[in-house]
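The values are calculated or read from the model by the stated rules, or taken from the named source; none is laboratory data. Because the structure is predicted, anything quoted here is derived from the model rather than measured. No Cβ is skipped: glycine too gets one built from the backbone with ideal geometry, and neighbour counts run over all protein chains shown. To get the accessible areas, we keep the full protein, side chains included, count just its heavy atoms, and leave off ligands, DNA and RNA. Shrake-Rupley method; radii C 1.70, N 1.55, O 1.52, S 1.80 Å.
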Amino acid sequence: FFKQKTAYEIKECDWSSDVCSSDLSLGGPVVGFDPAAHFDERTAATLDRFYQFAAVAARQAWRESGLAEAPVKPERIGVVIGTANAGQDILEVGWKRMLSEGKKPPPLTIPMTMGNAPASRIAREIGARGPVFATTTACASAAHAMLLGLMLLRTGQADVVVTGGSDSCFNFGFLQAWDVLRVVSPTVCRPFSKNRQGLVIGEGAGIIVLERPDRAKARGARVFGRLLGGAMTSDAADLTTPDGIGMRAVMENAIADSGLARDDIDYINAHGTGTIANDRLEAAAIREVFGERTDRLPVSSTKSAIGHAMGASGALEALATLAEIGRAHV
């Protein structure tokens, strides 16, 4: 789901109106999403919003891949979906029921909050019986999920992997928590701008279908791009302040894993949150890796257009990059 930034109003918190307020006024929520258009009433009531997003996006990706008509052994299909926040919406419903109405939370609250719920739902819908699991590594969740999908293909654990990420971010409590962190921009998200003031919250789901190259070629699949390699590193530093060492290492390792050279890289879709700390360190890391080429190497951040979709970010940004690659080669 791609969306434009949309202003939204954060209403007074019903069960704590004396203390609940927020300065947030801009975000990138998914608007016009109607669960009834995709699920029957009973099913929709058992699915938190973040995996409603994932299930609908996966249906679209699976249909577009052509695999619905191309038999795949169920045990050779994997599903790896990332999320940073999991079932925030149903948790908020539960707290409101307990604190404001004196009622118990909805009976399926536990399974609706689990991070692996989107992967399990997608597996049920497409009949996947191979590796099915979730990644939850904050903003890197979807990127890690996609790289793990690639690893499953490389190691022969699967022939097809449905992967990506999903997050629903526009419930009151979640927005309130981000507000007090003081990294949300009061205006717009301006990655790498001298006048940047922070990130803008987004949400949504991005799903990509990965398939072994020989299999895709044999069935004449429409290929949007090739995932040649990747890498994972950790900052191992401060809780909230990123570390340029990890940023530099992950780019170097990803290039090496892909079999490409640094001069082969034509574009970088950066993390680019629009925060003071991240953008400064990320820009420095890019310059360290690419040296003099940095001045001629296009770098941008999709977050300036759709906001920071948390656990879905990596997948949405990968889809945006694939779309641009396709447009450039038309």
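So, in the range 129-140, exactly how many residues are within 21 Å of the chain's Cα centre (by Cα) and not in a helix (DSSP H, G or I)?
Adding up the residues that qualify gives 7.
For the range 236-264, give me each residue that is surrounded by fewer than 16 Cβ atoms within 10 Å (Cβ to Cβ) and not in a helix (DSSP H, G or I).
Ala236, Ala237, Asp238, Leu239, Thr240, Thr241, Gly259, Leu260, Ala261, listed by residue number.
Please verify whether Val93 is modelled with pLDDT under 90 and either closer than 14 Å to Arg49 by Cβ or within 26 Å of the chain's Cα centre (by Cα) (or both), treating the condition exactly as stated.
Yes.
Determine if the range 8-31 includes at least one residue that is of a type in the set (Lys, Arg), at pLDDT 95 or above and out of contact with any Ser or Thr (no Cβ under 8 Å at 6 or more places or on another chain).
The answer is no, given that none of the residues of the range 8-31 is of a type in the set (Lys, Arg), at pLDDT 95 or above and out of contact with any Ser or Thr (no Cβ under 8 Å at 6 or more places or on another chain).
Residues in the range 93-120 that are in a helix (DSSP H, G or I) and more than 22 Å from Leu150 (Cβ to Cβ): how many?
Number of matching residues: 14.
Kindly check whether there is at least one residue in the range 276-284 that is among the acidic types (Asp, Glu), in a helix (DSSP H, G or I) and within 26 Å of the chain's Cα centre (by Cα).
Within the range 276-284, one or more residues are among the acidic types (Asp, Glu), in a helix (DSSP H, G or I) and within 26 Å of the chain's Cα centre (by Cα).
Give the residues of the range 283-292 that are touching a residue at least 40 places away in the same chain (Cβ under 8 Å) and open to solvent by 20 Å² or more (accessible area, probe 1.4 Å), sorted by residue number. Outline the logic, then answer.
Filtering the range 283-292 for residues touching a residue at least 40 places away in the same chain (Cβ under 8 Å) gives 283-285, 288-289.
Correct list: Ala283, Ala284, Glu288.
For the range 27-68, how many residues are open to solvent by 10 Å² or more (accessible area, probe 1.4 Å), under 30 Å from Cys189 (Cα atoms), assigned to a helix (DSSP H, G or I) and aromatic (Phe, Trp, Tyr)?
Counting residues in the range 27-68 that are open to solvent by 10 Å² or more (accessible area, probe 1.4 Å), under 30 Å from Cys189 (Cα atoms), assigned to a helix (DSSP H, G or I) and aromatic (Phe, Trp, Tyr) gives 1.
I'm trying to understand the selection: among the residues of the range 293-324, which are assigned to a helix (DSSP H, G or I) and exposed (fewer than 13 other Cβ atoms within 10 Å of the Cβ)?
Asp295, Arg296
Could you check the range 154-169 and list, in sequence order, the residues that are buried (at least 20 other Cβ atoms within 10 Å of the Cβ) and not β-branched (Val, Ile, Thr)?
Within the range 154-169, Ala158, Asp159, Gly164, Gly165, Ser166, Asp167, Ser168, Cys169 meet the criteria.
Among the numbered criteria (1) more than 26 Å from Arg59 (Cβ to Cβ); (2) open to solvent by 40 Å² or more (accessible area, probe 1.4 Å); (3) modelled with pLDDT of 95 or more, which single criterion is violated by Ala231?
Result: Ala231 passes all but (2).
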